[in-house]
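What follows is a short report on a single structure.
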Amino acid sequence: MKPWLSLSLERIEEDSRLDNFKLCIMTTACVFAVVAQFGPVPFPESRPVLGVCCCAYILFSGLLQLIVTFVDQDCILITKPKQGTSNKMLASKGIRVSSTLPRFSEWYTITLEFQGYESKENDPSPKVEQKWSVGQFFDVEGMFDEIGLMQATDEVYDKFEKTKYTQESKKQK
């Protein structure tokens, strides 16, 4: 889904810092796994090295899982603030794009909200949410309609840019 969203929302730039951080964490975990597997020390003498490598791998993998579970949640794309827009919030904050497709459901929901939105009243971020049937983007032969999805996500982004939020904070109303 992310490639089509990235193409559809090409007017804005992706913020890949969190993705790069997650890649660094997993690369570090994999380095420990490679050292444990292919270390030059024979087995009986390598027990402390194996223990350290296994513990480090578990630690880094667990850290990555915590980030994915509690920070990413259902987010599939984070963007940088957009320059040259009349929307002041969009010029100062990036967009967090998330999606849900509940189990055994045909209804796909995409949500655009501000990344890092904070208010004094702890209001939720203003957002635009759109729900579609997944059947809308497939033909009778099962072929995926990329262009239709791109147009639909463009319409959702246009609503967001024009501040036609489906849920606003109390402060915005």
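Annotations
- Checking every one of the trypsin sites (Lys or Arg not before Pro) in region 61-118 against DSSP loop status and a limit of 11 other Cβ atoms within 10 Å picks out Arg103.
- More than 20 Å apart - percent of Cα-Cα pairs taken over region 43-105: 59 percent
- Structure-derived Cα extents along the principal axes in Å - corresponding label in [x] 101, 36, 23; [y] 81, 51, 27; [z] 66, 51, 30: [z]
- Compared with the dominant principal axis of the Cα atoms in the chain, helix 47-66 is inclined by about 10°.
- With 23 Å as the limit on Cα-Cα distance, the pairs of Lys22/Lys127; Lys22/Lys131; Lys80/Lys164; Lys82/Lys131; Lys82/Lys127; Lys131/Lys159 that go past it are Lys22/Lys127; Lys22/Lys131; Lys82/Lys131.
- The C-alpha atoms of the chain define a longest principal axis, and helix 146-161 lies at about 70 degrees to it.
- Using a probe of 1.4 Å, the accessible surface attributed to Trp132 totals some 20 Å² when neighbouring protein chains are kept in position.
- Counting only protein heavy atoms and a 1.4 Å probe, the chain has 65 square angstrom of accessible area per residue.
The values are calculated or read from the model by the stated rules, or taken from the named source; none is laboratory data. Predicted, not measured: the structure shown is a model, and the values here were computed from it. We place every Cβ from the backbone using ideal geometry, glycine too, and count neighbours over all the protein chains shown. Each accessible area value is taken on the protein alone, full model and side chains, heavy atoms only, with ligands, DNA and RNA left out. Shrake-Rupley method; radii C 1.70, N 1.55, O 1.52, S 1.80 Å.
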